[in-house]
Amino acid sequence: MRALIASTASLQLIVELYATGQAMGPTSSSSSSTQLELLKKRTYAWSNLRYTKEQSIPMSEGDLWELYGGVLAQTVTASAVTFHRLPSLWRSIKESEWTLDGFGFSILLMKDMHIVSTCDVWTMGNITHWLAMQLSHHTDEDHEFHLWDWKTGVVEMVVFGIEIQSFAFLSQTEVMFALIEEDEEGGIVLSLLVIDFKKESNEKHAITKAEHGFSLLLPHLHEETEVLRMELRSDPAPTFSPCSQQELPFYTASNNRLFTTSLNVFSARGRYNIVFCAPLSTVRSCLDRRVAGQKFAEWSTWGPRGARALVPSRHPSDDSDAWPGYANDCVMDANVFQAHSVFQEEIRTSLPYRLQTLTLDAEHTSDTAVMCTEDHLIIVDNHMDGREYRVLSF
């Protein structure tokens, strides 16, 4: 068997794809030997942080931007958005740039579709034919989440509640919310709530009254801890697949897509930014193991082995506290988080990871933040000569 695999490129490719957490591109025209060579070179490049191209993209004067699926979008005027598809040598992605005018305010990119809204929108997203918006009202404290089929106009779900912080799609029928709630004793409870929106009523109701939901609880907070921000993100989402025109040789397998939950908290010992990372396989395992009537899973039953807690060496500034949500590879580590001033107990996680260090030029270390995609490290640089994105492509 070993000799057969060693002499057959297609079998070697299957083994290598599994070992690296990748899936074969749906429409790739490359031969198995070519795909295998590209995959090995990409694996080596990421293992040693050997990027193939470095470029600078000026940060526009507009106040909105989005990074998704390897596409960077920025508002350049009140009604114009510039899209920049970032290149990748090892995944055969060509660089391109285009501008759409006559639109506004907020955007999110998914697959090969670009959605633009004129609502007061926090986050937007679409998968296949679902469109969702999370809105904040100016007249009260409730947040609303609307989900509908944009092809038919049918509303699938409308939920509301001050508890809603952000959301991410889990599958074609499920959406996951980051929630901050109060328990019966007035304590703060952090959770990731998965709702099957195909089973849930489409009548407007409080998210705390969801009938077809299941919560993954995060560690219990210390009573003096204040949560300043909670953001859930997955880039790319598990439902994301390459468009047929790209002919990618491979991409991150769905079960290995990472969900990041970024917490910005203030405790008796100061301000912390804590990032919990969990792949779809961890979340799916929790959902598959639940029994009839079970509504939640304690952190101790899924987090220590299925997640990784990360703590940046410095807390983010007001300008950069959103950056940690954009990472599908972990570059910081906290095997044991000794912060009893934040959580009630010691947080120990053991999800496998790989730690790499990249040394930046001295001129770019004063005020920077880093984002990560499947093919890029993007350094958000606020140096004296002007703000820019430094893109390292693999």
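The values are calculated or read from the model by the stated rules, or taken from the named source; none is laboratory data. Everything quoted here is computed from the prediction, not taken from an experiment. Cβ sites come from the backbone with ideal geometry, for glycine too, and all protein chains shown count toward neighbours. Heads up: the accessible areas ignore ligands, DNA and RNA and are worked out on the full protein's heavy atoms, side chains in. Shrake-Rupley method; radii C 1.70, N 1.55, O 1.52, S 1.80 Å.
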Next item on the list: Hey, can you tell me all the residues within segment 366-379 that are modelled with pLDDT of 85 or more, among the β-branched types (Val, Ile, Thr) and in a strand (DSSP E or B)?
Entry: Ile378, Ile379
Margin query: Which condition from (1) open to solvent by 40 Å² or more (accessible area, probe 1.4 Å); (2) closer than 20 Å to Cys372 by Cα; (3) modelled with pLDDT of 95 or more is the one that Glu37 breaks?
Written below: (2)
Next item on the list: Sort out which residues of segment 243-297 are out of contact with any strand residue (DSSP E or B) (no Cβ under 8 Å at 6 or more places or on another chain) and in contact (Cβ under 8 Å) with a residue 12 or more places away in the chain, and write them in order of number.
Entry: Cys243, Ser244, Gln245, Glu247, Ala268, Arg269, Gly270, Ser281, Thr282, Arg284, Ser285
Notebook entry, point to check: From the set of residues in segment 240-283 that are closer than 23 Å to Ser10 by Cα and in a strand (DSSP E or B), which is most open to solvent (accessible area, probe 1.4 Å)?
Noted result: Tyr251
Checklist line | Hits in segment 1-34 (condition: among the charged types (D, E, K, R) and surrounded by 15 or more Cβ atoms within 10 Å (Cβ to Cβ)) | finding: Glu16
Notebook entry, point to check: Can we say Leu131 is at pLDDT 90 or above, within 23 Å of the chain's Cα centre (by Cα) and surrounded by 17 or more Cβ atoms within 10 Å (Cβ to Cβ)?
Noted result: no
Checklist line | Sole exception among (1) closer than 29 Å to Glu346 by Cβ; (2) among the aliphatic types (A, V, I, L, M); (3) more than 20 Å from the chain's Cα centre (by Cα) for Met176, by number | finding: (3)
Checklist line | Any chance Ser234 is among the small types (Gly, Ala, Ser) and touching a Leu at 6+ places or on another chain (Cβ under 7 Å) | finding: yes
Check: Restricting attention to segment 58-75, which residues are in contact (Cβ under 8 Å) with a residue 12 or more places away in the chain and hydrophobic (A, V, I, L, M, F, W, C)?
Finding: Met59, Leu64, Leu67, Val71, Leu72, Ala73
Next item on the list: Kindly indicate whether Leu17 is part of a strand (DSSP E or B) and either touching a His at 6+ places or on another chain (Cβ under 7 Å) or modelled with pLDDT of 95 or more (or both).
Entry: no
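From the residues in segment 90-104 that are among the hydrophobic types (A, V, I, L, M, F, W, C) and surrounded by 14 or more Cβ atoms within 10 Å (Cβ to Cβ), which one is modelled with the lowest pLDDT? Working first, answer last.
Pass one, segment 90-104, residues among the hydrophobic types (A, V, I, L, M, F, W, C): 90, 93, 98, 100, 103.
Applying the additional criterion that residues be surrounded by 14 or more Cβ atoms within 10 Å (Cβ to Cβ) yields 90, 93, 100, 103.
Working: Trp90: 95, Ile93: 92, Leu100: 84, Phe103: 57.
Selected residue: Phe103.
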Next item on the list: Identify all residues within segment 274-287 that are out of contact with any Lys or Arg (no Cβ under 8 Å at 6 or more places or on another chain) and modelled with pLDDT of 95 or more; write none if there are none.
Entry: Ser281, Thr282, Val283, Arg284, Ser285, Cys286, Leu287
